[in-house]
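Just below is one structure, and these are the notes that go with it.
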Amino acid sequence: MKVSVRSAKEHEKDILDNLLQLYLHDFSEFSSQETDSRGRFTYPYLDHYWQDPQRFPFIIYVESNIAGFALVRREEDPDTGEPITEMTEFFILRMFRNRGIGNKAAVKLWNSFQGKWRVQVLNKNKRAYPFWKNAISRYTNDASEEKSDARIVFLFG
C-alpha cells in the first residue's frame, strides 16, 4: 500500500475544504466549533495556506485514493525565537485509520521539513494522543519532549 503526501495546489482548495468538514465534525466532539448558516464548519485559515509562504497544505493519498490532509506551518518558537515547524492540522479518513497510513504520512512530512517540530494534541482528544505519542516516539527513538497543560505539546527534531 503506497502512501504519498503531495502539496495541495490552489485549485485543489475545494478538496481540502471538503476534508476539513469531516475533520471539524470529528473535532467538534472536543471543541465548541459551530456551523455557519449553511450548516458548514468554518476554518478561517484555509486561504492563508496559499497566501502565506510559511504555510503548507498537503493531501495524503493511498495509491490514487485521497486518504486525508495535513496543514503545516513554519514560525518562530515563542519560547526560544528559533524556527519551528508545526503540524497544525492532520486528518486521516476513518476508512484508512489504524493501518499505518497516518504514521507513514507524518514521517514523510517530518522528513520534508528539517529542524525542530511541534505537534499539539488537546487533552480531551483521547484517540489522538496515543497515535502521536507512538508515531513521534518511533520517529525520534524516544527523543522527544512532552509538555502538558490544556494541550499536550510534543517537541522534537
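The values are calculated or read from the model by the stated rules, or taken from the named source; none is laboratory data. Computed from a predicted structure; not experimentally measured. Methodologically, a virtual Cβ is constructed for each residue, glycine included, from the backbone with ideal geometry; neighbour enumeration extends over all protein chains shown. All accessible areas refer to the heavy atoms of the entire protein, side chains included, with ligands and DNA or RNA removed. Shrake-Rupley method; radii C 1.70, N 1.55, O 1.52, S 1.80 Å.
Observations on the structure shown:
- Flag for L93 being without any contact (Cβ under 8 Å) to a residue 24 or more places away in the chain and surrounded by 15 or more Cβ atoms within 10 Å (Cβ to Cβ): no
- For K147: the one exception among (1) at pLDDT below 95; (2) part of a strand (DSSP E or B); (3) within 18 Å of F91 (Cβ to Cβ): (3)
- Residues of the range 58-76 that are open to solvent by less than 10 Å² (accessible area, probe 1.4 Å) and not small (G, A, S): I59, I60, V62, F69, L71, V72.
- Yes/no for P44 being open to solvent by 80 Å² or more (accessible area, probe 1.4 Å) and closer than 19 Å to R151 by Cα: no
- Scan of the range 66-83 for residues that are in contact with a Phe, Trp or Tyr (Cβ under 8 Å, 6 or more places away or on another chain) and without any contact (Cβ under 8 Å) to a residue 60 or more places away in the chain, ordered by number: G68, L71, V72, R73, R74
Residue-wise test of (1) loosely packed, with under 13 Cβ neighbours inside 10 Å; (2) closer than 29 Å to R99 by Cβ; (3) at pLDDT below 95.
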site	(1), (2), (3)
S4	no, yes, no
E10	yes, no, no
K13	no, yes, no
D17	no, yes, no
P53	yes, no, no
D79	yes, no, yes
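- Filter result (assigned to a loop (DSSP other than H, G, I, E, B), under 15 Å from L24 (Cα atoms) and at pLDDT 95 or above) within the range 85-130: L93
- Entry remark, the range 118-157: residues being on the phi > 0 side of the Ramachandran plot and surrounded by fewer than 11 Cβ atoms within 10 Å (Cβ to Cβ) number 2 in total.
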